[in-house]
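Sharing a structure, written as structure tokens. Questions coming.
The values are calculated or read from the model by the stated rules, or taken from the named source; none is laboratory data. Keep in mind that what you see is a predicted model, and the values were worked out from it rather than measured. Heads up, the Cβs are rebuilt from the backbone with ideal geometry, glycines too, and the neighbour counts pull from every protein chain shown. Keep in mind that these areas ignore ligands, DNA and RNA; they rest on the heavy atoms of the full protein, side chains included. Shrake-Rupley method; radii C 1.70, N 1.55, O 1.52, S 1.80 Å.
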Amino acid sequence: MISLPEPKPEILARRASILADLARLLPADAVIGEEIRLRPYETDGLSAYRQMPLAVVLPRTTQEVAEVLRYCHANEIRVVPRGAGTSLSGGALPLADAVVIGLMRMNRIREINFEDRYAVVEAGVTNIGITKAVEGEGFFYAPDPSSQLACMIGGNVMMNSGGAHCLKYGVTANNLLGVTFVTIEGEVVEIGGTHLDAAGYDWLGLITGSEGQLGMVTEVTVRILRGPEGARAMLAAFDSVEVAGKAVDAIIGAGVIPVALEFMDKPCIHACEAFAHAGYPLDAEAMLIIEVEGSQAEQDMLLGRIRDICAQFKPISMKLAESAEQSLAIWKGRKGAFGAVGRISPDYLCMDGTIPTGELPFVLRRIGEMSTQYGLGVANVFHAGDGNLHPLIMFDANDPESFRKAEAFGADILKLCVEVGGCLTGEHGVGVEKRDLMTAQFTARELDLQRDIKSAFDPGWLLNTAKVFPLEGNARIAA
Amino acid sequence: MIAPGDEAGVAEAVRAAHAAREPLAIEGRGTKRAMLRPVQAARTLSTRGLTGITLYRPTELVISARAGTPIPEIEAALAEHNQQLIAEPPDTRALFGVEEPATLGGVVGANLSGPRRITWGAMRDHVLGIRAVNGTGEVFRSGGRVLKNVTGLDLCKLLTGAHGTLGVLTEITLKVLPRGESSGSLVLRVADIASGVRALSAALGTPYGVSGAALLPEGHGAMQGCLAIARIEDFAESVTYRLDRLRAELAAHGEAALLGREASEALWRDIRDAAPLNPAPEEAVWRLSLAPSRAPAACAALRQAFDAKLLLDWGGGLVWVAGPATEAAHGAVMQAAAGGSFTLFRGPDALRAAVPVLPAEPLPLAAIGARVKSVLDPAGILNPGRLRA
């Protein structure tokens, strides 16, 4: 079980006066202190962990965020930034002595500029909200995490979120131009802007993916892109994981970069088919979903090339979508994968390691062996182009032993990812979930260097304390 | 000059310099010595001895090489598998008047990106992992060799573009992509810079995946006038189709011609390397990064201030400027870049030592920057003065 640092007793003792102070700094409706209204904030997407916060504030402006941070800094109160709370790694898990700063009321779109291809939005605008605002002109915002209906761009920046289409379009970091950033001292700083590259240190790049360790982002300038003429998907099913992996290598080796390239193993295919009735091949050991973009003729040309490449690997079956509806059907199973697994198991842990794609057959075989060893089922769905695995470990949360085993199984998978040259997290973040595994990927000294960089931004370690960095060996957190 | 043959030697040299509080100029082959501010250091530490590709997996789209590996060597290895450096970094030999090619460490340390930046991202977007030596002589890693990685703070981003002031890069892993099977360009003769930028914005607002969008105010070779150029790189059938569509959709923006693969590639090499700028040896060269729609006014202001030679890339978002190496001209550039960013890319030592070569940072960021610098280089021995006085 993940431990959190001991709350500071002097802060807990001052709770009433802190709430009163916050209510003076912000409009009355922006401060939450009653237990019943705090309850929704006690966890995020990693619901295995719960902790009631000291207070929650819901500012409407950058200035209000700055006021709260300035106050917390002056009073040495810990702060937990929160977007929509869709983090799957416990990145927004509260601390008992911390003020949660929620972004959901900062949901205005400030400016859209099609000529210069950017949009300026407040940090609480949802990911899909950006695309909705620009799609009338044929534009879109590219990174598309599975939670895109709910997750907020501010949280995307903090986690450097990805999605199914980042093989072609990149992750959040590749689609940002600037942010409004508030330091723990409450200073408001503009980083980047509406131009592509700023000279000097790349603060924008460092902040992106920093999981709330360095400051808070309140406004974001994103690149918007003109969408393709169209897109279409195909399925290719194989009788072994190795062969499916070789087909992926052959597609990329032939110079074809599909806009999405998803891989599902047998348990996942079965779970998704039972849920979505997408016509997935139940006799396959592995299945690829491949999407291409362009005009109708270009789609035909690309799908034809990919079909010819896949044919060399003796697929069990292939299905090329003939229409947008058929494409949607192919995607429906994949997009519902997590929900589908939720139907066949009372609970599951969704892991998020990345591996070099050449190691795929070995890693999937090892995961299968571990599954037998732990006596827990696992379904695998992932972004095959970039090696980002999402093993879903099935367990029963009502059985503490089952949960303990699931956690240990998950940790073993992530360590395996690191051993083969990959990393602990491809898109969900370290949060509290993978915090204590960081020593598997970094040396003690490398971790200390990162902690020192955090200290350069947040000397008092008030920002999202106890996330990302292991508590053990961390002299900066008085546990 | 110290030029160790391995990373341990680099670490040893930095440790010694740190112990002696002796500043070091950090470089690969020294091709960018005339960029930014002159470094105040008696000794030079070069990574030219750290060469060689250490890992290349074409089907995983990754390549790793030691920092001193010359860029042409990396490009040649990639070309064998029909792949390429995504950011298309400029070859600055002609601009800096040097013979030797740039190294991987130099290009990443300077975050140098070429025309493809507009669609496929900057050099820093493709740095997946680094090994580096900090200012106390410790070796550290960040990132890795996989395409997606959000584990911990991304120090790759911090060191990319830091020009050796936060650490000495010793090995770099990059994402790479297949080369388009073919390519071609649409060349539009436009009335002026403003209409050219509008044409390029229109081109970048089409669904055809334009991977280069440049504006040559003075024409190029036999092509006279103000030219807006849009490039397509893709499968052969797509290039033909997309150029046709592009020509039809941009018909109202000016008289159009199409360039086939060879002519297009030669033209874009020139644009990448800023060759059309053709600065006189005594002139300074700047790079401005702006929202494209602000470029025409910036260009007009520059032309009013001095006899500015101009070349625009990134749909107008990157303005290359050549002009007199004077503080007055530099002041005009700083003013024109307001709301964006600028770099004094090349100039005589006296000018580079006298003026800010980059925009000032907001005070809170400058304070954080000083603390970050002291974390990675507490004695301040790495490339002192390179970025700021």
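How many Å² of accessible surface get buried when A and B come together, counting both sides, probe radius 1.4 Å, rounded to the nearest 100? Write out the running numbers ahead of the final one.
Details: alone 19380 and 16590 Å², together 29180 Å².
Approximately 6800 Å², summed over both chains.
Could you check the spin-label model distance between A:Asp29 and B:Arg261? Points 7 Å from the Cα along Cα→Cβ, value in nm.
Modelled inter-label distance: 6.3 nm.
Count charges around A:Val259 for me, please; just the other residues with Cβ under 9 Å from its Cβ, Lys/Arg as +1, Asp/Glu as -1. Before the final figure, lay out each step's value.
Details: positive: A:Lys168; negative: A:Glu291, A:Glu293.
Neighbour charge sum, excluding A:Val259 itself: -1.
With bins 10 Å wide starting at 0, give me the P(r) of chain A over every alpha carbon pair, in whole percents.
Taking every Cα pair in chain A, the percentages come to 4, 20, 29, 26, 16, 5, 1, 0.
What is the percent of Cα-Cα separations in region A:390-445 that go past 18 Å?
On the way: 562 of 1540 pairs.
It works out to 36 percent of all Cα pairs.
For a paramagnetic label modelled at 7 Å from the Cα of A:Asp412 toward its Cβ, which residues of region A:352-380 fall within the zone defined by backbone nitrogen distances under 15 Å?
Hits in region A:352-380 for A:Asp412 at 15 Å: A:363-379.
List the residues whose amide H sits under 5 Å from the amide H of B:Gly184, counting only those 5 or more places along or on another chain, with H placed 1.01 Å from N in the peptide plane.
Residues meeting the criterion, in which the H sits 1.01 Å from N, are B:Ile232.
Summing +1 for each Lys or Arg and -1 for each Asp or Glu, what net charge is found among the other residues whose Cβ lies under 12 Å from the Cβ of A:Lys8? Don't skip to the answer; put the middle values down first.
Details: positive: A:Arg14, A:Arg15, A:Arg78; negative: A:Glu6, A:Glu10, A:Glu76, A:Asp97.
Computed value for this residue: -1.
Less than 23 Å apart at the alpha-carbon level, and either on another chain or at least 8 residues along: which lysines does that give for A:Lys8?
In chain and number order, the partners are A:Lys454, A:Lys467.
Mind telling me which of B:Gly221, B:Gly121, B:Gly105 comes out most flexible in a GNM of chain B, alpha-carbon contacts under 10 Å?
Evaluated over chain B, the most mobile residue of the options is B:Gly221.
Using 0.36 nm per residue, how much length does the chain from A:Thr61 to A:Arg476 gain when fully extended, once their Cα-Cα distance is taken away? Kindly include the intermediate steps, with their values, before the conclusion.
Working: separation 415, 0.36 × 415 = 149.40 nm, distance 3.09 nm.
The span from A:Thr61 to A:Arg476 would gain 146.3 nm if fully extended.
Ok, one more. Under 19 Å from a point 7 Å along the Cα-to-Cβ line of B:Arg179: which residues of region B:210-241 have their amide N that close?
B:211-212, B:231-240
Hey, another quick one. Specify the angular offset, from 0 to 90 degrees and rounded to the nearest 10, of the alpha carbon long axis of helix B:7-20 from the longest principal axis of the alpha carbons in chain B.
It is inclined by approximately 60 degrees.
Further question: In whole Hz, with x marking every Gly and Pro, tabulate ³J(HN,Hα) for region A:257-271 from phi via Karplus 6.51 cos²θ - 1.76 cosθ + 1.60, θ = phi - 60°.
Per-residue couplings from phi come out as 10, x, 6, 8, 8, 10, 10, 10, 8, 4, x, 6, 4, 5, 4 Hz.
To the nearest 0.05, what FRET efficiency results for A:Glu322 and A:Asp239 with a Förster distance of 35 Å applied to their C-beta separation? All intermediate terms of the calculation are to be shown ahead of the outcome.
Working: r = 25 Å, r/R0 = 0.72.
Here the calculated transfer efficiency is 0.90.
Where Rh is the Kirkwood radius over the Cα pairs of the protein assembly as shown, the temperature 4 °C and the viscosity 1.567 mPa s, what D in µm²/s does Stokes-Einstein return? Each step should come with its number before you reach the end.
Details: Rh = 27.8 Å.
D, rounded to a whole number, is 47 µm²/s.
Additional query: Within chain B, what is the number of lysine pairs with alpha carbons under 30 Å apart, leaving out pairs fewer than eight places apart on the same chain?
Summing the qualifying lysine pairs gives 10.
Under a plain spin-label model, where a point goes 7 Å from the Cα along Cα-to-Cβ, how far apart in nm are A:Glu401 and A:Arg343?
Between A:Glu401 and A:Arg343, the simple spin-label model gives 3.1 nm.
Stretched out fully, how many nm does the piece from B:Ala251 to B:Ala350 gain, at 0.36 nm a residue minus the Cα gap? Walk me through the numbers on the way to the answer.
Values: separation 99, 0.36 × 99 = 35.64 nm, distance 4.79 nm.
Length gained, B:Ala251 through B:Ala350: 30.8 nm.
Also: Per DSSP helix of 4 or more residues, -39500 (n - 2.57); summed, then divided by the residues of chain A. What does that give at 222 nm, rounded to the nearest 500?
On the way: 17 runs with 170 residues, N = 479.
-10500 deg cm²/dmol, from helical runs alone.
Counting only heavy atoms of the protein chains, get the accessible area per residue of the protein assembly as shown (1.4 Å probe) and round it to a whole Å² value.
I get 34 Å² per residue for the protein assembly as shown.
Please work out the FRET efficiency for the pair B:Ala191 and B:Ala360, using the Cβ-Cβ distance as r and a Förster radius of 30 Å; give the result to the nearest 0.05. List each step's numbers first, then the result.
Details: r = 36 Å, r/R0 = 1.21.
Here the calculated transfer efficiency is 0.25.
Taking all protein chains in place and a 1.4 Å probe, what share, in percent, of the accessible surface of the protein assembly as shown do carbon and sulfur account for?
So the carbon and sulfur contribution to the accessible surface is 52 percent.
Continuing with this model, one more query. Convex hull over the Cα atoms of region A:428-479, averaged projected area in nm²? Write out the running numbers ahead of the final one.
On the way: hull surface 14.1 nm².
Mean projected area of the Cα convex hull: 3.5 nm².
Here is a follow-up. Excluding A:Glu401 itself, calculate the net charge of residues whose Cβ lies under 14 Å from the Cβ of A:Glu401, where each Lys or Arg counts +1 and each Asp or Glu counts -1.
Working: positive: A:Arg404, A:Lys405; negative: A:Asp347, A:Asp396, A:Asp399, A:Glu407.
Residues close to A:Glu401 contribute a combined charge of -2.
While we're on this one: HN-Hα J couplings of region A:396-404 from phi, Karplus 6.51/-1.76/1.60, θ = phi - 60°, integer Hz, Gly and Pro as x?
Each residue of region A:396-404 in turn: 10, 5, 6, 10, x, 5, 5, 5, 4 Hz.
Given the Cα-Cα distance of B:Glu282 and B:Glu99 and 0.36 nm per residue of separation, how much length would full extension add, in nm? List each step's numbers first, then the result.
Values: separation 183, 0.36 × 183 = 65.88 nm, distance 1.83 nm.
Gain on extension, B:Glu282 to B:Glu99, equals 64.0 nm.
What does the accessible area of A:Tyr280 come to, in Å² to the nearest 10, when a probe of 1.4 Å is used?
10 Å²
Which one, B:Met35, B:Met334, B:Met223, has the greatest fluctuation when you compute a Gaussian network model over chain B with C-alpha springs under 10 angstrom?
The residue that fluctuates most here is B:Met223.
Considering amide H positions built from the backbone, and no H for Pro or chain starts, which residues 5 or more places from A:Ala123, or on another chain, come under 5 Å of its amide H?
Placed amide hydrogens put A:Glu219, A:Val220 under 5 Å from A:Ala123.
Three principal axis extents, largest first, for the C-alpha atoms of region A:1-140, in Å?
Between the extreme Cα coordinates on each principal axis of region A:1-140 lie 54, 37, 25 Å.
Now, a different point. Give the span of chain B's Cα atoms along each principal axis, as three whole-Å numbers ordered largest to smallest.
65, 51, 39
Right, here's the next one. With the radius of gyration and the Kirkwood radius both derived from the Cα set of region B:225-369, what is their ratio Rg to Rh?
Numbers: Rg = 18.1 Å, Rh = 17.1 Å.
Rg/Rh for region B:225-369 comes to 1.05.
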